[in-house]
Amino acid sequence: MFKRKMRYIYWIVSLIYSRMARLCYSFVSLPPLRINIMLTKKCNSRCHFCYVKNRLNTTESNSLSEEEWIKIIDRIPKSAVVVISGGEPFLSPVIYRLIEELDRRKIMASVTTNGTVFSEKQLEFLVDNKLTYLMFSVDGMRDYHNNARGHKDAFQKIMNSIEVIEKIKKEKNSRFPILAFKVCILEDNYDEIPELLKLAEQKVSHVGFSLLVSNILQNGFVLIDSLVDPLLMEGNTHSYPDECLENIKSAIEYIMNFSKTSEMEIGITPKSYCKRILDPRSNTRINKCALPWSEFSLYYDGTVTPCITYNCGNIRNMDYDVNKVLKSPRYRKFLTYYEKNMSDARPCEACCQT
């Protein structure tokens, strides 16, 4: 109950705060409420469905140093939430220091991982440093997941990590980290979902399902420098084949029905995409939201962008101060363009908020 209440309160606060930030922006810029850190392009999985796979494990030039990351964390408001992903963030040499510093500042943080690179000592570190959420990417039960991830024991490593974390939490009387599954609904894993949900009820507090998408301007390690770039007109380029749509629809309906009686928090995104699959005749026009006024993404090399990856400069040139990002000239330029010109918000297609 505590964990569900915690997420619900954050969702309400985020919604109100982002709308206030948008209304107030012309005369005052509020501090960011959420910072998405794309910590690394390194990844040890080989997921066939990953739309950034061709940009993973490429050169990471000009990466922020550990000292630079500490400068940034020292300037993050305590009211903000930090969301860390990659690549596989636990392959970054600075990840554990970041978590340590975030705990020192009492800043809520979550990390999404494939769960294959932990030792027991590292898991104990996550408990001791009170990481708020640890989210495991899981695609199905053992055989399916291992095949999808290209690791013969990826699934068992996740299960082992969960067992160890829960044991340490019990020994130390700790609530954190709260554990979750993140599941992508693929063209052929719909029949894995019932068993996976039963397993999740035994192992984690939250399951987030997402439909398979391909949107290069949503943290896809592709930056645009111009607001007339053709990519701004592209949006989500993935669609499920017609022959599997009924199966995908059945999977969505099963998840929705399961959530009605489960004590877990269960969500499916993008909401508009779900509606189109459940009812192709429904009106699912994408509307602009207020999130770009209250959150941004920060990349391993210091690049800052809104949720749409328009290059707004480098945090190094903003004195490592996250509070200056939303006020920067290029960020203001993006918000002006977004407000006036993006009536159908194509790059927002398949965003988890839509």
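The values are calculated or read from the model by the stated rules, or taken from the named source; none is laboratory data. For clarity, every value in this text was computed on a predicted model and none was experimentally measured. For neighbour counting, all protein chains shown are included, and Cβ atoms are generated from backbone atoms with ideal geometry for every residue, glycine included. Accessible surface is based on the protein model in full, side chains and every heavy atom, while ligands, DNA and RNA are left aside. Shrake-Rupley method; radii C 1.70, N 1.55, O 1.52, S 1.80 Å.
Quick notes on this one:
- Sparsely packed GluC sites (Glu not before Pro) within the stretch 229-311, loop by DSSP, other Cβ within 10 Å at most 13: GLU263
- Whole-percent carbon and sulfur share, accessible surface of the stretch 128-219, 1.4 Å: 43
- The heavy atoms of ASP103 present about 30 square angstrom of accessible area, all protein chains included, probe 1.4 Å.
- Among the listed pairs LYS106/LYS157; LYS42/LYS106; LYS249/LYS275; LYS42/LYS169; LYS198/LYS271; LYS41/LYS106, those beyond 19 Å (Cα-Cα): LYS106/LYS157; LYS42/LYS106; LYS42/LYS169; LYS198/LYS271; LYS41/LYS106
- Percent accessible area from carbon and sulfur atoms, the stretch 7-82, protein chains only, probe 1.4 Å: 59
- Accessible surface ranking for VAL138, VAL13, 1.4 angstrom probe, highest first: VAL13, VAL138.
- Cα-centred dipole magnitude for the chain, charges only on beta-carbon of K, R (+1) and D, E (-1), debye, nearest 20: 1220
- List LYS106, LYS170, ordered by accessible area with a 1.4 Å probe, largest first: LYS170, LYS106
- Placing dummy labels 7 Å off each Cα toward the beta-carbon, the span from ASP225 to ASP319 is 2.7 nm.
- DSSP beta bridges fully contained in the chain are about 10 percent antiparallel.
- Here the calculated FRET efficiency for LEU245 and LYS333, from their Cβ-Cβ distance with R0 = 45 Å, stands at 0.65, rounded to the nearest 0.05.
- Net charge in the neighbourhood of PHE209 (other residues with Cβ under 13 Å of its Cβ; Lys, Arg +1, Asp, Glu -1) is -2.
- Per-residue SASA remark: PHE118, around 40 Å² accessible (1.4 Å probe; ligands, DNA and RNA not included).
- Within the shell defined by Cβ-Cβ distances under 13 Å, the residues around PRO31 carry a net charge of +3, with Lys and Arg each +1 and Asp and Glu each -1.
- Fraction in percent of alpha-carbon pairs per bin - 10 Å, the chain: 5, 24, 35, 27, 9, 0
- The stretch 167-313: C-alpha gyration tensor shape, a/c 1.5 cut-off, then a/b vs b/c: oblate
- For the pair ASN62 and GLN202, label points projected 7 Å from Cα toward Cβ lie 5.0 nm apart.
- Cα gyration tensor shape for the stretch 170-231, rounded if a/c is under 1.5, else prolate or oblate: oblate
- Whether the stretch 23-77 is rounded, prolate or oblate, judged on the alpha carbon gyration tensor where a/c under 1.5 counts as rounded: oblate
- In the context of the full set of protein chains, residues of the chain present 47 Å² of accessible surface per residue (probe radius 1.4 Å, heavy atoms only).
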